[in-house]
Structure formats: structure tokens, C-alpha cells
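Working notes, beginning with the structure itself.
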Amino acid sequence: MQVADLVARLTAANAEAEPHKGIVRVLKELKGDLDGVAEALAYIAGTGGNARQIFYRAPDLSLLKVRFPNGRRTPPHNHGCWAAILVLSGTERNHVYRRAEGGTLTLERKVDLGPGDIIYLPADGVHVAECSGDGDVIGLHVYGGDVLGLDRSMWDPDTVREEPLDWAKYETFAQRASAAQTAPLA
Ligand SMILES: [Fe+2]
């Protein structure tokens, strides 16, 4: 598989009447060739922030390869649009939250993902993702918008207070989130 094939299949699915359903269907098809997807994306490290992870960017679709090393946990964040993640290798734990009164969150569910597993988050979805295995977890992340341009939120991992997502500050949130015993409210 070439990266152009991957982009062609996902952009075609995103042009369907219900883009997120088309995307999830293609991600399920890709489960049959995780190695092929990994090879097509081998040229991307997957670390260093969204701007270095992205390999296709349009107003209605963003495609990223994301790698979380062992010990890495995100702060709670949203994406400003729906999101679908296919795990290519490694294991990842997601904590999914719902917005609560006063800009804080309540924990909704915990989802463990391994190779071939998919998680879908609607546009109002908030989550924490963490590497739950010894090795890196690598995923194909699909977002139903321009994830680098949308207004997004992040939540302080200690106070669980909502703030506008600011990349200059995000890394300090991620480091505090990673140093904690568990995801917030878990
Ligand atoms: Fe995310």
C-alpha cells in the first residue's frame, strides 16, 4: 500500500453522505492489512505534535499517524470535530469523558485498544489517550475537520478545568498527565 492509496480510500469515504460512517467502514477494512498501513506510513515518526504527525490536511478531513511512547498520557482534550482511531501496533487505553457543569468533566467509560481496534468519538467527545503497553502505541488518527485549525479545548489534568487548546502549554499538561498515577477522575 502507498500513502496515496490510503489517502484516496479515506477521502472517498469522507465524501459519502455520512462521512464518519464511511471512514469507520474503511478503517475496519484496513484491519486486514495493518502491516501495509504501517509500511505506507513508515516515513512519518508520529511524534513531535500534530503538525509533524499529519499527512493529509483539508477543511473536512485530517489524517495523522500518532505514536505514544511508553509512559505517555495526554491531558483531556477534544478535537473540534469527530475522531476515529485505528490502532496499528501496541496497546492504548482511552478514558472517555462527558462535559459537566462549570467547564469540568465526568468520566464516561474506559476503553482498551490493541492492534486492529477502533474507537470513534463524536464531535463533542473528550478523551485521554495513553500508551498502556511496554512498547510504543502507533495509531492512524482520522478527524472530520481541519484538526490544526479548529478551536479546541484541553483540560488541566490536575484541576480538570477547561481551557482553549494552546500548543505552547499543551506539552506541560501532557507531562503532568503522564506523571500522574491515573487519568483524571479515573
Ligand atoms: Fe485525541
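The values are calculated or read from the model by the stated rules, or taken from the named source; none is laboratory data. Keep in mind that this is a model prediction, so the values were computed, not measured. We place every Cβ from the backbone using ideal geometry, glycine too, and count neighbours over all the protein chains shown.
Observations, loosely collected:
- Scanning segment 148-180 for residues that are buried (at least 18 other Cβ atoms within 10 Å of the Cβ), of a type in the set (A, V, I, L, M) and at negative phi yields Met154, Leu165, Ala174, Ala177.
- Subset of segment 67-83 (residues that are surrounded by 16 or more Cβ atoms within 10 Å (Cβ to Cβ) and farther than 14 Å from Ile118 by Cα): Arg67, Phe68, Arg72, Arg73, Thr74, Pro75, Pro76, His77, Asn78, His79, Gly80, Cys81
- Selection within segment 116-138 - buried (at least 20 other Cβ atoms within 10 Å of the Cβ) and farther than 16 Å from Asn78 by Cα: Cys131, Val137, Ile138
- Condition met for Ile119 (within 10 Å of the ligand (Cβ to nearest atom) and either in contact with a Ser or Thr (Cβ under 6 Å, 6 or more places away or on another chain) or under 23 Å from Pro19 (Cα atoms) (or both)): yes
- Selection of first residues in segment 74-96 that are more than 15 Å from Lys31 (Cβ to Cβ) and small (Gly, Ala, Ser) and of second residues that are assigned to a loop (DSSP other than H, G, I, E, B) and within 11 Å of the ligand (Cβ to nearest atom), restricted to Cβ pairs under 6 Å at least 6 apart or on distinct chains, gives the following pairs, ordered by first then second residue: Gly80/Arg152.
- The single residue among Leu113, Leu86, Leu10, Leu64 that is within 17 Å of Asp146 (Cβ to Cβ), surrounded by 20 or more Cβ atoms within 10 Å (Cβ to Cβ), at pLDDT 95 or above and within 16 Å of the ligand (Cβ to nearest atom) turns out to be Leu64.
- Condition met for Ala183 (modelled with pLDDT of 95 or more, surrounded by 17 or more Cβ atoms within 10 Å (Cβ to Cβ), within 13 Å of the ligand (Cβ to nearest atom) and part of a loop (DSSP other than H, G, I, E, B)): yes
- Beta carbons closer than 8 Å, at least 6 apart along the sequence or on distinct chains, never pair a first residue in segment 139-154 that is closer than 20 Å to Gly46 by Cβ and free of Cβ contacts under 8 Å to residues at least 24 places away in the same chain with a second that is among the aromatic types (Phe, Trp, Tyr) and part of a strand (DSSP E or B).
- Per the conditions (1) within 16 Å of the ligand (Cβ to nearest atom); (2) of a type outside the set (A, V, I, L, M, F, W, C); (3) more than 17 Å from Asn70 (Cα to Cα), the sole criterion not satisfied by Asn94 is (3).
- Residue that is nearest to Met1 (Cα to Cα), among those in segment 27-62 that are among the hydroxyl-bearing types (Ser, Thr, Tyr) and out of contact with any Asp or Glu (no Cβ under 8 Å at 6 or more places or on another chain): Tyr43
- Each residue in segment 99-119 was checked for being in a strand (DSSP E or B) and of a type in the set (Ser, Thr, Tyr), and 1 of them qualify.
- Meets criteria (within 17 Å of Thr74 (Cβ to Cβ) and either assigned to a strand (DSSP E or B) or under 13 Å from the mean Cα position of the chain (by Cα) (or both)) for Val147: yes
- Yes/no for Tyr97 being under 25 Å from Leu86 (Cβ atoms) and surrounded by 17 or more Cβ atoms within 10 Å (Cβ to Cβ): yes
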